[in-house]
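Student: Quick one: structure below, then a few questions.
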């Protein structure tokens, strides 16, 4: 490092010894002090620490820095002298021109500012590199400093007024003390900010010589004032980001310390050790202050930035631990920061050679285990950004082959010459060659920075196992919790299933069976009579169950080379879930994705099953909004195009005729698509759909009805997902954008004419409905009804009237008879 | 012709259960629309000359009018009892079983002929297979165009099938539709 010079620097001049008794305080003096607080503030401005430091350790500092320090000292001395002079002469008359309170401030502050600016400029002029950065670095703390300054100014005005009143009564010492306190808060703030900026620039300009400034900056960052501390953290962050080398620092061992080394090595060692120690101190302080609420966001931001930029450096584990822990925080900003950091960590594996990925994934797994899977979905979603290199296996195999070949060759070489004595020399030569080759390759490996293939493979397998451990734990937890309790939220289930779908090709064959079983149970399927699976299906939402089906299909598709398994149970589940879907409550995207994966991409030709889905989708699209309806219709069309036999659903042949298979009647409530007998039904829903208010849906429906007889088959390139997105309520568009391709269908159908007639008649009657006729017929019908009612009423009345008349007649008769009887009796 | 007694019924249902599982009730309670009655009758099982027949009730009533010696067959024959009392399903039960099968296997076109000659199904000829098959389960064999070709017993579970080499046996043959030609006399 620096030469140990025997220079003795004189301590700064002390002010002249004046005993306190001789100093008389006049009222004018007090006023003067009041007005010119800056004069008295020199006491606080004296940075005793740095002065003592300079006195004691000045010998170690290098020449250039020494000069700078001398410069500073001189400037300080001049400022101090000024203040001293003004302080001692408490005579307002002899003092330099006194301006108003506001003006005074500027008068006093200017030289200091000038000094500060000079130093800055000097720093910039002297060294070029890092100068630009220095300016940039200055703005951040400086900006904040300016903001704070403005605020503090306003406060200060108020403070001063109150302080002055109190100061009047107290003696000078007390006044000084109070003034000191008052000013410490404000002035010290300013000074510290400036100091931070200076140190920062100096460090960036020449990190190796100014490494000690790091310690000072750290000291400032340890300040009690929270805003100063925050500024300190941020400026240290900026400095570290630029200073930290591209390698992990390893402190020299005892042996190495004892060895005699050159100046440069010593310098380097000192630089590294200081850097490391300050870094550790900084980290400790950060982690300690993370607990406090005031610092939380700033600290997390610092840590995230550090992890992002220098993931290869020491102490990475503690950084990772903090970041992963904060992935689960309630604060959205903090969580987003951590999320992006870890994502970038996973994607930029080159920076840290994969080790950080393993550690991060392990920590995530541990947290999931510790919190019993009750965490924010971001926690697991971050795992989706992992990527695994599958080519490593191939490289490894090649390596092994090469090595085997090598070994074989060596063995051959060794065996052959062993028989002949003359070839001993040759043998030894060959061995030497082989040995040197090995040594060369070993050296090359140690020097080259690319990680070994074997190591990479090992790290990858560790990562994969940790990732899958997390996923399976979440699955298991969902299973257990649904079986046990009633309604517990499963926030991690959705990203877990998505991740499983993405990484399904990495699952070992042995575990696929277990995985499928779990998924089946979660989807609520299986031929189980036991109650546990029923409970499972009741507690998971429709979207979650749909996701299970989707994942099962993805897993199966990715493992197609092993065995093509027909996932009947999941089809049954989908069949029932289509009915249970409710547009507001459940997510349409999931349903549409399920439809696409399970029905459109499938290459099966099971007629009964396809027909069942066709019928159910048609029924479903009648009762659902236009977006889902459109998606369902697209799927329907797809199925009909692929399965020719299902087209007899489009014909008016109720009972299915010969194609219906074994089940003669359609069972609409059947749970199993294979037993629904849909081949025996007719798609009358299409007729209703062709009168839908949405023009796209009505055209689609009528297009499907005419599919059998259309000369040109219109192939929409739309997938159900695209259809759903286009027609969802957010878009509110009535014009589909899918491009329609027409292709000539040259298939001849023998019974086309008869079917044509049938379909034409139905379409004719449906299209050519005359409204007038309808109204006439309706009116006729209603008049007839009305007449019948009237008729009945009148008849009833008539009956009553005749009855009453008859009664009257009877009564009359009886009366007559009675009268004649009486007459007879009389006579 | 007589209805089946207890032991015989259990034997028949057990065999059918291997193939259909819970769909057995579909077979037993199938409403039949044959005959002039407006109400759908049921299907029932009858034993005649050691053969079990699956007949609708209306047909059974009318068949009682034919003497035992003269009655050759009625309804659908699904299997027969051997001398030792064991029940075997014959190929004529295929329609019934295939409609209600739980475990299905689809074989590739190249190995269809091999199966129709009476050979077992090898892994190399397997096109698709339903999930969760246990060894010993009844399996119905289909072609890739969904035509039922026959049935058999699963030799291995679906999981094990994944790891099998291409010449391993997946389904042990029991009956196939080629028997209509090969064993015409024995049916």
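The values are calculated or read from the model by the stated rules, or taken from the named source; none is laboratory data. Remember, it's a predicted structure, so these values are computed and weren't measured experimentally. Cβ: placed from backbone, ideal geometry, glycine included. Neighbour counts: every protein chain shown.
Student: Being away from chain A (no Cβ under 14 Å) and in a helix (DSSP H, G or I) is the filter here; which residues of the range B:4-17 pass it?
Tutor: B:6, B:7, B:8, B:9, B:10, B:11, B:12, B:13, B:14, B:15, B:16
Student: Output the residues belonging to the range B:128-161 that are more than 9 Å from every other protein chain (Cβ to nearest Cβ), outside any loop (DSSP other than H, G, I, E, B) and more than 18 Å from the chain's Cα centre (by Cα).
Tutor: B:160
Student: I would also like to ask the following. Restricting the search to the range B:29-47, which residues are touching a strand residue (DSSP E or B) at 6+ places or on another chain (Cβ under 9 Å), more than 14 Å from chain A (Cβ to nearest Cβ) and surrounded by fewer than 17 Cβ atoms within 10 Å (Cβ to Cβ)?
Tutor: Listed by number, the residues that qualify are B:35, B:42.
Student: Mind checking which residues of the range A:377-387 are closer than 13 Å to residue A:330 by Cα and either over 10 Å from the mean Cα position of the chain (by Cα) or part of a helix (DSSP H, G or I) (or both)?
Tutor: Of everything in the range A:377-387, those that are closer than 13 Å to residue A:330 by Cα and either over 10 Å from the mean Cα position of the chain (by Cα) or part of a helix (DSSP H, G or I) (or both) turn out to be A:378, A:379.
Student: Right, next: Condition first: within 17 Å of residue A:497 (Cβ to Cβ) and at pLDDT below 70. Now tell me which residues in the range A:525-566 satisfy that.
Tutor: A:525, A:536, A:537, A:539
Yes/no per residue for (1) over 18 Å from residue A:237 (Cα atoms); (2) in a helix (DSSP H, G or I); (3) touching a strand residue (DSSP E or B) at 6+ places or on another chain (Cβ under 7 Å):
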| residue | (1), (2), (3) |
| --- | --- |
| A:277 | no, yes, no |
| A:289 | no, yes, no |
| A:293 | yes, no, no |
| A:300 | no, yes, no |
| A:330 | yes, no, no |
| A:359 | yes, yes, no |
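Student: Residues that are exposed (fewer than 10 other Cβ atoms within 10 Å of the Cβ), at pLDDT 70 or above and more than 60 Å from the chain's Cα centre (by Cα): list the helices (runs of 4 or more DSSP H) wholly contained in the range A:720-827 that include at least 1 such residues.
Tutor: Passing ranges, in order: A:771-826.
Student: Determine, yes or no, whether residue A:208 is in contact (Cβ under 8 Å) with a residue 40 or more places away in the chain and either more than 35 Å from the chain's Cα centre (by Cα) or more than 24 Å from residue A:299 (Cβ to Cβ) (or both).
Tutor: Answer is yes for this residue.
Student: A further question follows. Hey, among the residues in the range B:49-69 that are under 21 Å from residue B:81 (Cβ atoms) and out of contact with any strand residue (DSSP E or B) (no Cβ under 8 Å at 6 or more places or on another chain), which one's surrounded by the fewest Cβ atoms within 10 Å (Cβ to Cβ)?
Tutor: Per the stated criteria, the residue is B:69.
Student: Still on this structure, I have one more. Is there a residue being farther than 29 Å from residue B:186 by Cα, assigned to a loop (DSSP other than H, G, I, E, B), away from every other protein chain (no Cβ under 14 Å) and in contact with a strand residue (DSSP E or B) (Cβ under 8 Å, 6 or more places away or on another chain) anywhere in the range B:102-121?
Tutor: Checking the range B:102-121: not a single residue is farther than 29 Å from residue B:186 by Cα, assigned to a loop (DSSP other than H, G, I, E, B), away from every other protein chain (no Cβ under 14 Å) and in contact with a strand residue (DSSP E or B) (Cβ under 8 Å, 6 or more places away or on another chain).
Student: Does residue A:304 satisfy the condition of being in contact with a helix residue (DSSP H, G or I) (Cβ under 9 Å, 6 or more places away or on another chain), without any contact (Cβ under 8 Å) to a residue 40 or more places away in the chain and over 23 Å from residue A:216 (Cα atoms)?
Tutor: yes
Student: Considering only the range A:245-289, state which residues are touching a residue at least 60 places away in the same chain (Cβ under 8 Å), out of contact with any helix residue (DSSP H, G or I) (no Cβ under 6 Å at 6 or more places or on another chain) and within 15 Å of residue A:319 (Cβ to Cβ).
Tutor: Listed by number, the residues that qualify are A:248, A:285.
Yes/no per residue for (1) assigned to a helix (DSSP H, G or I); (2) over 21 Å from residue A:295 (Cβ atoms):
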{"site": "A:217", "(1), (2)": "yes, no"}
{"site": "A:224", "(1), (2)": "no, no"}
{"site": "A:227", "(1), (2)": "yes, no"}
{"site": "A:232", "(1), (2)": "yes, no"}
{"site": "A:237", "(1), (2)": "yes, no"}
{"site": "A:249", "(1), (2)": "no, yes"}
{"site": "A:252", "(1), (2)": "no, yes"}
{"site": "A:256", "(1), (2)": "yes, yes"}
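Student: Tell me which residues, restricted to the range B:81-101, are more than 14 Å from chain A (Cβ to nearest Cβ), in a loop (DSSP other than H, G, I, E, B) and either modelled with pLDDT under 90 or surrounded by 21 or more Cβ atoms within 10 Å (Cβ to Cβ) (or both).
Tutor: Within the range B:81-101, just B:85 meets the criteria.
Student: Criterion first (touching a strand residue (DSSP E or B) at 6+ places or on another chain (Cβ under 9 Å) and crowded, with 21+ Cβ neighbours inside 10 Å) does residue A:591 satisfy it?
Tutor: Criteria not met by residue A:591.
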